[in-house]
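The values are calculated or read from the model by the stated rules, or taken from the named source; none is laboratory data. Remember, it's a predicted structure, so these values are computed and weren't measured experimentally. In this analysis, Cβ positions are derived from the backbone assuming ideal geometry, glycine residues included, and neighbour counts consider all displayed protein chains.
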Amino acid sequence: MPTRRSTDGSAGDQLFETALEQFDAAADLVNLPDRTRSILRTPKNEIIVNFPVEMDDGEIRIFRGFRVQHNDILGPYKGGLRFADYVDLGEVKALAMWMTWKTSLAGVPFGGAKGGIAFNPREHSRSETERIVRRFTHALGSNIGPEHDIPAPDVGSTAQDMVWMMDTYVNAGGNSDRQNTRRVVTGKTIETGGSVGRDKATGQGAAFVLAHHYEQINRDLRGQTCAIQGFGNVGEHTARALSRMGVTMTHVADHTGAVTDPNGIDPESLWRHTSQAGGVAGFDEGGAEALDVEEFFAADVDILVPAAIENQITAKRAPNVRASVVLEGANGPTSVEGENILIDRGIEILPDVLANAGGVIVSYFEWLQNKMSAKWRLNHVDDELRTYLWEAADNIEAEKKRLACTRREAAYAVALNRIGCVFDQRGVWP
């Protein structure tokens, strides 16, 4: 069960400090020039918009939205939109920075950005949510664009929200550009220009990354057990993909509670339950029983998948982790102190910049399809996704061996070397 965070900005600021600490360690490792380091430590643009929205009862409420554009040296800014009452600037800055490393590592021609609106969509009707999303899009104006900054879904936002954003944006432009600008967002519904496979991309990608790791260590993934924190889009599709690979999910937790069944929890059955109940709490099919969240993190499983929010495997929880592999489905789920403890204990960490990169990779595929007025088949999307992630994972393993460093540092090294090379060639003008 994710820990709720304060909304005073302190949690987000701390998260950004974590992102900077990780960056500095990798920058030292690859001897990144000071001039490039100073650029990458600071987001290029930090946009805050306050906008009015009429509620269903006629009341006018002011909402606050964010869009942080970290860096675009490799291509248009790219990153999701988080809808949650705890969203703040510090959090969005950290997530935008991580997106820059993620797109570079994945080898897609995008930069890094992130955004959000400080509201809980569960507390609003569909019509209110639509007005909030459309007003936010209008407030951003030309700060987003199909060749400039391309939002996507994230925690709390959906494909429908992306459709509303796209429709608002394209209808604010010239008539001749309407169809050509559908790629202003990705993660849309299939009917409005989305890509098949995008809804499951992050979870499917995480499963591919885990399969690559098991192949590297010459172990059979089939027959392994896993515990998954978070059963939203990422957790659900990770569970489904791992189930197809022969992995048994025995523990699941989310914001409502945690459940366990040593004989395995069927992802489809749990999805039906969460769709009705709003969370995993109360799931009792088969032999499923409730358990405490701290018991969840100490579960006796092979693989732990934190796929909820950041800062979940802390210095307090890390000593109790019994899994041999941590697959980071969420962004920043492991604190720096927690990671050091896991590494000292010999636990393998498959870092977020690789493990959850499937979403942005298939977003790139969607953007390409929109640009070319093309439609790819699902098997082609999955094959291409696996190819991109396999190459990224191979590059990390080679860099990890060359630099004798952690896997996260190796991932950052691959990303920073690519970015640094482009900065060297392009320079800073004027």
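Which one of these is outside any loop (DSSP other than H, G, I, E, B), out of contact with any strand residue (DSSP E or B) (no Cβ under 8 Å at 6 or more places or on another chain), modelled with pLDDT of 95 or more and farther than 30 Å from M245 by Cβ: T202, T137? I'd like the intermediate steps shown before the answer.
On the way: T202 fails: farther than 30 Å from M245 by Cβ.
From the options T202, T137, the qualifying one is T137.
What are the residue pairs meeting all of these: first residue in region 342-360, first residue crowded, with 24+ Cβ neighbours inside 10 Å, second residue acidic (D, E), Cβ atoms under 7 Å, and 6 or more apart or on different chains?
Here the result reads L350/E328; P351/E328; D352/E328; A355/E328; N356/E328, each pair linking region 342-360 to a residue that is acidic (D, E).
Output yes when any residue across region 147-158 is part of a helix (DSSP H, G or I) and small (G, A, S), and no when none is.
Checked region 147-158: no residue is part of a helix (DSSP H, G or I) and small (G, A, S).
Every residue in region 366-378 that is hydrophobic (A, V, I, L, M, F, W, C) and crowded, with 24+ Cβ neighbours inside 10 Å, please. Show your work before the answer.
First, pick out the residues of region 366-378 that are hydrophobic (A, V, I, L, M, F, W, C): 367-368, 372, 374, 376, 378.
Correct list: W367 only.
Just checking: which of the strands (runs of 3 or more DSSP E) contained wholly in region 284-401 hold 2 or more residues that are modelled with pLDDT of 95 or more and in contact with a Cys (Cβ under 8 Å, 6 or more places away or on another chain)?
Details: elements: 303-306, 325-327, 348-350.
The strands (runs of 3 or more DSSP E) meeting that bar are 303-306.
Do we have any residue at all in region 45-61 that's crowded, with 18+ Cβ neighbours inside 10 Å, closer than 18 Å to D154 by Cβ, under 21 Å from the mean Cα position of the chain (by Cα) and of a type outside the set (A, V, I, L, M)?
no
On the given criteria, is S104 hydroxyl-bearing (S, T, Y) and assigned to a helix (DSSP H, G or I)? Lay out the reasoning, then the answer.
Working: hydroxyl-bearing (S, T, Y): yes; assigned to a helix (DSSP H, G or I): yes.
Criteria met by S104.
Looking at region 74-87, which of the residues that are farther than 13 Å from Y364 by Cα and surrounded by 24 or more Cβ atoms within 10 Å (Cβ to Cβ) is modelled with the lowest pLDDT?
Going through the qualifying residues, I end up with V87.
Taking interchain pairs and intrachain pairs at least six residues apart, which have beta carbon atoms under 9 angstrom, with the first residue in region 259-272 and more than 13 Å from C226 (Cα to Cα) and the second among the basic types (K, R) and in a helix (DSSP H, G or I)?
From region 259-272, the pairs are E268/R240; W271/R240.
Mind checking whether some residue in region 166-177 is surrounded by 15 or more Cβ atoms within 10 Å (Cβ to Cβ), at pLDDT 95 or above, in the same structural domain as N120 (by TED's automatic domain parsing) and among the hydrophobic types (A, V, I, L, M, F, W, C)?
yes
Regarding T274, is this residue surrounded by fewer than 18 Cβ atoms within 10 Å (Cβ to Cβ), over 19 Å from V301 (Cβ atoms) and either among the hydroxyl-bearing types (S, T, Y) or within 22 Å of the chain's Cα centre (by Cα) (or both)? I'd like the intermediate steps shown before the answer.
Details: surrounded by fewer than 18 Cβ atoms within 10 Å (Cβ to Cβ): no; over 19 Å from V301 (Cβ atoms): yes; either among the hydroxyl-bearing types (S, T, Y) or within 22 Å of the chain's Cα centre (by Cα) (or both): yes.
Judged against the criteria, T274 is not a match.
Would you check if there is a residue in region 333-344 being in the same structural domain as M249 (by TED's automatic domain parsing), under 20 Å from P153 (Cβ atoms) and within 17 Å of the chain's Cα centre (by Cα)? Before the answer, list the steps.
Taking region 333-344 and keeping what is in the same structural domain as M249 (by TED's automatic domain parsing), we get 333-344.
So of that shortlist, the ones also under 20 Å from P153 (Cβ atoms) come out as 333.
Of the ones still in play, those that are also within 17 Å of the chain's Cα centre (by Cα) are 333.
Checked against the condition, which is being in the same structural domain as M249 (by TED's automatic domain parsing), under 20 Å from P153 (Cβ atoms) and within 17 Å of the chain's Cα centre (by Cα), region 333-344 yields at least one hit.
Select from region 107-135 the residues that are crowded, with 22+ Cβ neighbours inside 10 Å and touching a Ser or Thr at 6+ places or on another chain (Cβ under 7 Å) and list them in ascending order.
F110, G111, G112
Scan region 241-278 for residues that are among the hydroxyl-bearing types (S, T, Y) and in a strand (DSSP E or B) and jot them down. Can you show your working first?
Here is the first cut: in region 241-278, the ones among the hydroxyl-bearing types (S, T, Y) are 243, 248, 250, 256, 260, 269, 274-275.
Listed by number, the residues that qualify are T248, T250, T260.
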